[in-house]
1. Length gain on complete extension for the stretch residue 22 to residue 334, per 0.36 nm per residue less the alpha carbon to alpha carbon distance?
2. Tell me, in nm to one decimal, what length is gained between residue 479 and residue 105 on full extension, where the rule is 0.36 nm per residue of separation less the Cα-Cα distance?
3. Taking 7 Å along the Cα-to-C-beta vector as the label spot, tell me the residue 492-residue 466 distance in nanometres, rounded to one decimal.
4. With all distinct Cα pairs included, what does the Kirkwood hydrodynamic radius of the range 2-66 come out to in Å, to one decimal, could you say?
5. What's the center-to-center distance, using Cα atoms, between the range 302-380 and the range 106-183 in Å?
6. Kindly provide log₁₀ I(q)/I(0) values, in the same order as q = 0.17, 0.18, 0.27, 0.29 Å⁻¹, from the Debye equation applied to equal alpha-carbon scatterers of the range 156-223.
7. Relative to the longest principal Cα axis of the chain, at what angle does helix 106-119 sit, 0 to 90 degrees, rounded to 10?
8. Given a Förster distance of 60 Å, report the FRET efficiency between residue 393 and residue 114 from their Cβ-Cβ distance, rounded to the nearest 0.05.
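Derivation of every value follows stated rules applied to the coordinates shown; laboratory data play no part. Quick caveat, the model's predicted, so the values are computed rather than measured. Glycine also receives a Cβ, built like all others from the backbone with ideal geometry; neighbour counts cover every protein chain displayed.
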């Protein structure tokens with residue numbers, strides 16, 4: 001087919017649209033001419049018409065089109081009822097009751113405008129331009145008409161697939177409520193947040209049932225395995241006895257077993273320098289279907305036959321949104337000196353603190369190896385310590401943050417920074433921080449380092465051998481201060497590791513060695529840590 005305009009200039013304009021020129025049948029040829037006419041109209045040739053389609057020979061047809069003059073702009077007048085119904089939807093120039101557009105912008109503008117109207121609860125609305133006429137050779141005018149239907153609100157929300165899904169998460173986590181205006185695009189974005197939950201995930205996009213007088217939203221969810229058991233076995237050579245010593249821990253986390261989104265943590269650790277830690281913690285979100293949750297816990301720490309610390313705490317948490325959470329609470333610690341007599345640095349005491357905490361979490365749910373991309377947690381505590389020496393004002397600040405920098409599909413860099421500081425006029429040995437080991441600075445014995453102030457940075461270069469196996473380097477550094485011994489020191493840890501995602505869980509192996517400024521590097525001081533995080 002060959003298509004001509006009313007002049008050589010107009011024929012050149014038609015040719016610039018690169019229309020198809022070969023067809024299998026006559027119907028396809030006619031459809032192409034109609035599509036070309038529509039395209040010319042959108043480009044401003046609104047007078048375009050098909051003059052004729054004639055057969056030249058057995059294999060050639062000739063079509064003649066009349067384009068007329070090109071119109072560059074359109075002025076759309078807004079009906080008063082449109083501006084009253086949607087006062088903030090259109091910003092007309094200088095407060096006039098019309099808007100001016102390039103002719104090529106009409107289709108996309110009306111599509112976007114119609115989408116905004118739908119977002120305001122009228123998904124079946126349509127927009128039309130009526131009363132079109134030419135005001136000037138290059139300007140046409142038209143009236144904007146909206147064909148509106150009944151505004152829709154969410155009347156009912158039904159969960160499919162996981163019938164016992166906690167509805168408090170629908171209301172406060174997804175922020176979907178009955179009575180709110182229906183906006184399908186916004187609903188889809190909110191439902192995507194299900195993939196950030198540890199105990200549930202989205203099966204498919206939500207669906208909607210419209211009836212004459214109601215709107216029912218169906219959300220498809222499945223319950224996922226979230227309980228996990230984490231533990232490790234570590235061994236190294238004792239410097240004094242030259243014998244191999246073992247240490248390890250157990251971390252059990254039970255999530256959403258009662259279908260309230262609750263979390264129960266049970267932690268026990270026994271390390272190679274005769275220290276035991278026991279901790280139990282319960283976190284219940286959205287209590288009584290409110291955005292408020294509570295968290296209570298008990299932690300017991302025993303240092304051989306030297307002292308015993310028992311810490312109790314309770315917090316009220318508020319989930320601002322899916323990523324931000326704040327909490328406020330109280331904490332009490334009772335410490336008992338297990339030695340025969342008190343000293344200036346080891347004494348029975350009781351502390352009472354008011355605490356404030358902030359937490360930020362950003363996930364990458366499609367990555368089974370590293371599901372959390374960014375984590376930040378900061379807490380501050382203010383209160384008093386009481387013992388037979390009197391009352392002492394104290395404050396504690398602690399933080400823990402890590403970030404994964406994804407360089408590409410196989411390479412990433414992991415960085416973690418954590419630390420704490422205790423501010424007081426004087427210090428007791430049994431109130432200082434204990435750190436070191438696989439979850440702190442690697443290459444050192446578990447909880448073997450004591451400080452009133454410390455900071456640790458962990459770095460790993462990670463390389464994925466597959467979707468379930470990765471290897472990584474270990475380079476850690478730390479700084480700490482110990483006021484009782486007037487000691488300040490820098491520490492370093494070096495090594496490598498392996499991670500393997502199996503059917504049983506995530507298996508990790510770390511080989512690392514530590515050194516300090518006062519202690520040279522010794523291969524015999526190296527630590528090997530094995531851990532397994534099993535999900536069930």
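1. Numbers: separation 312, 0.36 × 312 = 112.32 nm, distance 8.94 nm.
Contour length minus the Cα-Cα distance gives 103.4 nm.
2. Values: separation 374, 0.36 × 374 = 134.64 nm, distance 6.12 nm.
Computed gain between residue 479 and residue 105 is 128.5 nm.
3. 3.6 nm
4. Values: mean 1/r = 0.0832 Å⁻¹.
After inverting the mean inverse Cα-Cα distance, the result is 12.0 Å.
5. Value for the Cα centre distance between the two parts: 47 Å.
6. Result of the Debye calculation: -0.55, -0.62, -1.43, -1.64.
7. With rounding to tens, the tilt is 50 degrees.
8. Values: r = 63 Å, r/R0 = 1.06.
Computed FRET efficiency for residue 393 and residue 114: 0.40.
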